[in-house]
Every structure is written in structure tokens, then in C-alpha cells.
Amino acid sequence: MLLGLNKIFEIVLLFGIIFTFRIPVLGTSSLLLALILLFFFVIKFDISRRNLRVILNNNDFVKIAFYLFIIIIITFFVTVFHGVYDFSLLETVVNQLFNLILVILYLSIFYKEGKNYNYFLNILSICFAVQGLFMIVSLLSPSFKIIMESTQALGVIERSLSQYGGMRNLGFGFTQFYGLNALLGIGFIITTFLFITEKKIKYLIRLSFIFIGIFLSGRTALVAVVLSILFFFLNNKFSIKKDYKTLLYLIPIVIGVLIGVSFFIDFIPQSIKDWAFEFYYNYQSGDGLATSSTDALFNRMYFIPNEEIILFGAGEYTTADGRYFMSTDAGFMRPLLYYGFIGVILFIFYHFLILNTIKKYLGSHVSDKTNKYFFVFLVIISIVLNIKGEFMGFLIISQNTFFIMVLSLILKQNRKYVN
């Protein structure tokens, strides 16, 4: 029972790190989590110190931290150089550093020798599934939705009410809309990876919750569902003789999901159906698969700025009234407008450095084919998500996930060599 409680405590803390939420007085949960983690770091100082030393002495971690520092420094000097003094973007990248420290503290405290390489990936998968479950209950229960809204930023609630009839902020925490959708897409691929490597039915159940969470939060990450299906079939040379147990799991799960969806669809407000199935309705009416969102993205959000901005950026991220500079939130445009083309390259390189480090350390635990497919599909979904919004090396909710993955794998690889 004690071990079960310890595991629950680890899950709750990691859920809080991933899904930062609003609390009275402090405003954000990050400071409270930092204090809790520092307390346990002191209580478990011996093991925490040893794990911390492993992380800080690892060359791959040093590279990741170094590039994050470079991004922070460049972010500061670009806006100063242009005389704009817009530090709104700086606040975001510094916050990423703070979250990296939280992840380091968390893993220093809770990593123990002998844990499986995917122990913390499994906890991440649980966190994604719980978020999906919260969203389902929030949709069905107005009183539970009020509880979820108490964890969200006020601006999120207002935007959901004004633009989506109050039906796009069903999850727990500050991050809703695109950010939550992007993370659940990553979570779907991670959970698919766990299912492929372990073939346990619990991952299929989690995938169903995550899928519904994706459906309720946005459309972009549905690409991750397609990629995950490809991941499964490309990775497995499927044969009935070898994989009959998996088939026995899949058939009732698929039937159950179809029955569940047919039942659940009646509880979904028409406003969500109109938005979620807009591409299908447009196709049925002969207008193709495009949606108002994709039309706006490619017709208005992407454009060619002047040569000076392309080369040196403008050093401006938000305007005086809080709107995005040049009224675009497209993922490849935002760093281009602020830093110039060097900023786009910087964030792409930083993102792929992290993904490649994950691939490097996973290679010791899974087959080369599975590792390569996992990396390739993470790369593809990263590009897709970054076309829509700022994702690569930027979105904190997903960066925390990648930090957990890479640092837990570093500890697994190196902890046994430290006395």
C-alpha cells in the first residue's frame, strides 16, 4: 500500500509540473511545486544529491542547458538592439529554464536505481490519460467543469466563452486550446510507443482517453493519431500467429470505442461538433477538406516580411495592447519576426538536439527499428504542430515532457556508475 501511495504521489507531482495551474494568492502553482520539491530534496538529500550530480555532469544535458541559455541571452539582446524593449518573449524562455529546474529537482528526488527505463514515460502516459479523463467528465458535468475552470487563467475562460461557447476549456491547468492539443498529440505517440514495446492493454485504455482529449481540444493533433497507427503497423511485421494476443486485445477495444463514441456523441454540444467536424462538413458540401482555421493560417498567418526583418528580426513579440506582433501566431513566423531567420534555426536546432538525445539513450533499451520510428514520428508531428503554432523548443507544457524523457534516460544510463 505504501508503495502504491508513493507512486500516486509521484504521479500527482509530475501532473502538476506538466499542467501548471492557477491557485489563490500565489497565482501559479510553479512556486508551490518548487517549494515542495526543495523540501523533499532536503529530506532525501543523499540520493537527490547523487542523482543531481549525474545530471549536471552529463555532457548531453550540458549541451541542452547551454543552448537554452543561448536562446535566453539572444532573446534579451535582440529586443534591446532594436530599441523595442519588449521582454514578453524573454519571460517565456526564462520560464522554460525555471521548469527545467523543476524537472531536475523532481527526477533527482524520485529516480532510484533499478527502475525500468520507461518508468517515467509510463507516469507521463498516466498524466496524459488523466487529463483526457478530466476533459470527458468536464464535458458531461457542469459542476466538474467549474472545478477545472478554477485551475485555468481567466483569459482562457473568457476566450472560450467568446469564441467557442465555453466548450474549448475542458481540461485542467493554464494551457488549453492549441497547447493542450499539441501535448496530447505527443502523449498519444509516447503511449503508442509504450504499447508497442510492452503490448499491455492498459496502454490501449489510456490511448482511448487521450484520443478523446485530443478530439475535444483541437484538430491539429489528430495527425498524431494517424502517425501512431502507422508507427504500430510499420514497426510490427504483423502476423496472426505471432500477434494473436494483441488482436484479442484490439478487437474488443475497437468495438468498445465505436460503441462508446456512438453513445458519447449525443452528449457533445453541437458547437463542438460543428467545429470538430468542420472539415467533413466542408467536404460533404463540395468545398474540400479545408477549414476556416487552415484558410486563415495559410492565407493570413504566413507572409513574407521585409528583408530587414528576415535578416535581423524586429525584436518585437507582442504589441502594446497584448496582441501578437504583425497579428500572426504561426509557429515558424513568430521567431522569424522577432529574431530573424537565425531564430527559426536556433529553435529548430534546440528542439532536434533534445529529440536526438532521447533517441540516443533509448537505443540501449529498445530495438533500433522501434527507436528510429519513434524519433521519425516525433519529428513529423513536431513539424506539423509548429506550422500551426509555436511548438519546437518553445511550448513549455511539451518541453517539460521532453525534459522528463531525456533526463530520466540519462539517469538510467549513468546512475549506476556513480557511487
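Worth pointing out:
- Residue order, fewest to most surrounding Cβ atoms within 10 angstrom, among VAL80, VAL54: VAL80, VAL54
- Here the 3J(HN,Hα) profile of the stretch 312-322, calculated from phi with Karplus coefficients 6.51, -1.76 and 1.60 at θ = phi - 60°, is 10, x, 10, x, 10, 10, 10, 8, 4, 8, x Hz, Gly and Pro shown as x.
- Cβ-based exposure ranking for TYR178, TYR339, in which fewest neighbours within 10 Å come first: TYR178, TYR339
- Gyration tensor (alpha-carbon) shape descriptor, the stretch 1-52, a/c threshold 1.5: oblate
- Annotation: extensible slack from MET326 through ILE11 equals 109.3 nm (criterion: 0.36 nm per residue apart, minus Cα-Cα distance).
- Relative contact order of the stretch 1-92: 11 percent, from C-alpha pairs under 8 Å at least 6 residues apart in sequence.
- Label-point separation, SER293 to ILE73 (7 Å along Cα→Cβ), nm: 3.9
- For THR28, the residues whose amide H sits under 5 Å from its own are ILE23, ignoring neighbours fewer than 5 places away on the same chain, with H placed 1.01 Å from N.
- Alpha-carbon centroid distance for the pair the stretch 329-405 / the stretch 83-97, whole angstrom: 20
- Cα gyration tensor shape for the stretch 356-419, rounded if a/c is under 1.5, else prolate or oblate: oblate
- Full-extension gain in nm, PHE45 to LEU140, via 0.36 nm per residue minus C-alpha separation: 29.8 nm
- Order of ILE64, ILE17, ILE136 under a 10 Å beta carbon neighbour criterion, fewest first: ILE136, ILE64, ILE17
- Prolate/oblate/rounded label for the stretch 2-417 (Cα gyration tensor, a/c 1.5): rounded
Computed from the coordinates by the stated procedures, all read-outs in this text should not be read as laboratory data. The model shown is predicted, which means the values in this text are computed figures rather than measured ones. Counting neighbours? That spans all protein chains shown, and the Cβs are built from the backbone with ideal geometry, glycine included.
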